[in-house]
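Take a look at the structure set out below.
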Amino acid sequence: MIKKEDLEGWAYYLGNCRNANIAMWIPDEEHFIHFRTKFGSTFAETIKHPEDDEVWDVFKPYKKVDMDFGKEREASRAAEKEQK
């Protein structure tokens with residue numbers, strides 16, 4: 001598990017908690033955020049690192065994931081141009 005002090009702000013991590021396998025670390029608030037779907041509604045939910053809570057569900061990060069949405073947006077625009 002990655003220690004809290006080694007997490008990079010605004011980075012995505014693969015890990016484990018009850019409702020997610022990927023979450024983003026929010027450094028200013030010192031928690032993770034992930035998207036959860038419940039009863040047909042999808043919403044953002046925050047969850048703590050194990051170093052901050054020993055009672056409730058926590059997100060245990062194991063690996064940083066490269067989620068470069070800028071590259072995905074460029075690829076999407078290029079694909080759209082090809083369709084025209």
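The values are calculated or read from the model by the stated rules, or taken from the named source; none is laboratory data. None of these values were measured; they are calculated from a predicted model. Positions of Cβ are generated from backbone atoms using ideal geometry, with glycine treated the same way; all protein chains shown enter the neighbour counts.
Listed values, structure above:
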read-out	value
Pick from the stretch 24-54, criterion modelled with pLDDT under 95 and basic (K, R), ranking: surrounded by the fewest Cβ atoms within 10 Å (Cβ to Cβ)	K38
Any pair with Cβ under 6 angstrom, 6 or more apart, that starts in the stretch 4-17 at a residue that is surrounded by fewer than 14 Cβ atoms within 10 Å (Cβ to Cβ) and ends at one that is of a type outside the set (F, W, Y) and in a loop (DSSP other than H, G, I, E, B)	G9/P27
Test: residue in the stretch 34-42 that is under 12 Å from the mean Cα position of the chain (by Cα) and under 18 Å from V65 (Cα atoms)	yes
